[in-house]
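Notes to accompany the following structure.
The values are calculated or read from the model by the stated rules, or taken from the named source; none is laboratory data. Just so it is clear, the structure is predicted and the values come from calculations on it, not from any experiment. Cβ placement follows ideal geometry from the backbone for every residue including glycine, while neighbour counts extend to all protein chains displayed.
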Amino acid sequence: MTQKEYNKAVDDWSDNIFRFALKHLKNEMSANDIVQETFTKVWVKHEEINVEKVKSYLFTTAYHSIVDWVKKEKRSGDIEQVEECSSTQDFNFDVQEILNEALEKLPAIQKTVVLLRDYEGYNYAEIAEITDLTESQVKVYIFRARKGLKEYIKRLDLVI
């Protein structure tokens, strides 16, 4: 990959990488750090990267950086484990807010594959490559995640 192709990749994919990281980390500064770290790692290996596969390489690198960040933060104890309680008195529900809340309830791997599939538009093979899973595992995780999201939303219907 040339410097020009690298710069184009930064322009094309930095916002997507940021959104992906922000959905996982819920912290803008950390998401920005992940984007910076991802593009730094890509630049270090830019001569080895095929420009047609740069999107996949970027998301794979970002995914691994997020996993490393979460592990590091859990060891240092900086992540606050705060369970958000939704008020049953407030009937002004925002669908996006409900989906985000439901996504937060999912296990990390299920959340990752759903975000890659439904938010970023990757196919099963690409997700498998990014997450080091098989296509079958990706399909199972997506199925379970969607089932979990549906269950969560159904429970909200009972509250309303």
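Go through region 89-160 and tell me which helices (runs of 4 or more DSSP H), entirely inside it, have 1 or more residues that are modelled with pLDDT of 85 or more and among the aromatic types (Phe, Trp, Tyr).
The helices (runs of 4 or more DSSP H) meeting that bar are 124-131, 135-159.
Being modelled with pLDDT of 90 or more, in contact with a helix residue (DSSP H, G or I) (Cβ under 7 Å, 6 or more places away or on another chain) and among the aliphatic types (A, V, I, L, M) narrows it down to one residue among ILE49, ILE34; which is it?
Within the list ILE49, ILE34, the selection yields ILE34.
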